[in-house]
Amino acid sequence: MHGGQGEDGTVQAVLDMAGVPYTGSGHLASALAMDKHLSKVVMRAAGVATADWLMAPHSSTGGQLIAEDVGTFLGWPVIVKPSKQGSTVGLSIVRNPNDLHAAIKEAFRYDDEVMVERFVPGRELTVAVLGGKTMPTIEIEPVKELYDYECKYTPGMAREFVAELTTETHALLADQALKAFASLKLRGYARLDFRLDPNGQSWCLEANTLPGMTPTSLIPQAAAAAGVLFPELCERIVQLALQSHPAATTAAPSAPTS
């Protein structure tokens, strides 16, 4: 499952109550990672660099985020996105203060909380964590400025490849990814998305607790670069889940004997 109630802790909580093992993070970590505002607060407290942001008041409260305040605190352009959605649904980049209100209104179509975040120029990178270790960093070059929903799911709209990084940058990304993974209490495997700005500073965008797992998805690409083929990757993820749910292995029926 990917996104929505399959990734926000809802299904995980039901499975926990039923005593059914499952891959990925637990219900608390899943819910925390899905909430971009809360996850940024937690990651920043753990020493993970993440871009400054503001939360937009909902129009039903009578409040309104003032463009002048956004410009003063964040600068332009900014990214406007639903706070608890995936796959960049409802996301837009705003360069003109006059376009801010429309972008916030659009994002509120998908969530009851909207984040306005400082735009970070630079390279789009993603770091997979499997069993407490990072895998080779994958770089994404979308045909558009933003790696949005269209670029993610339309063939030919983005090029994905193993990133060429200095030793220092590789170490920085690995350190930040593992700190984010630990601070959000993630489990098993996950994918941490970053921007690397022109000064070589990494900025964590978000954590994906159930990232895409088709053979051509980003985590399988990172695993392949590390010499781990898709069947072995799936097996490792399953074994990590069973280790997190030891009761499941003892309750499993034994194989029939001849």
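The single residue among Gly156, Gly188, Gly212 that is small (Gly, Ala, Ser), modelled with pLDDT under 95 and in contact with a Leu (Cβ under 7 Å, 6 or more places away or on another chain) turns out to be Gly212.
Going by what's in this entry, would Gln85 be described as in contact with a Phe, Trp or Tyr (Cβ under 9 Å, 6 or more places away or on another chain), modelled with pLDDT under 90 and open to solvent by 30 Å² or more (accessible area, probe 1.4 Å)? Spell out the reasoning first.
Values: in contact with a Phe, Trp or Tyr (Cβ under 9 Å, 6 or more places away or on another chain): yes; modelled with pLDDT under 90: yes; open to solvent by 30 Å² or more (accessible area, probe 1.4 Å): yes.
In short, yes.
Trp53 meets the conditions (1) touching a Gly at 6+ places or on another chain (Cβ under 9 Å); (2) open to solvent by 20 Å² or more (accessible area, probe 1.4 Å) in every case but one. The failed one is (1). When the stretch 201-232 is filtered for residues that are of a type outside the set (Val, Ile, Thr), surrounded by fewer than 21 Cβ atoms within 10 Å (Cβ to Cβ) and part of a loop (DSSP other than H, G, I, E, B), the ones remaining, listed by number, are Gln201, Gly212, Met213, Pro215, Ser217, Ala226, Gly227, Leu229. Beta carbons closer than 7 Å, at least 6 apart along the sequence or on distinct chains, pair a first residue in the stretch 159-170 that is closer than 17 Å to Pro198 by Cα and of a type outside the set (A, V, I, L, M) with a second that is open to solvent by less than 70 Å² (accessible area, probe 1.4 Å) and not in a strand (DSSP E or B) for Thr169/Gly200; His170/Thr137. Of the residues making up the stretch 4-23, just one is open to solvent by less than 20 Å² (accessible area, probe 1.4 Å) and within 13 Å of the chain's Cα centre (by Cα), namely Glu7.
The values are calculated or read from the model by the stated rules, or taken from the named source; none is laboratory data. The shown structure was predicted, so the numbers you read here are calculated from the model rather than taken from an experiment. Counting neighbours? That spans all protein chains shown, and the Cβs are built from the backbone with ideal geometry, glycine included. The accessibility values were calculated without ligands, DNA or RNA, using every heavy atom of the protein model including side chains. Shrake-Rupley method; radii C 1.70, N 1.55, O 1.52, S 1.80 Å.
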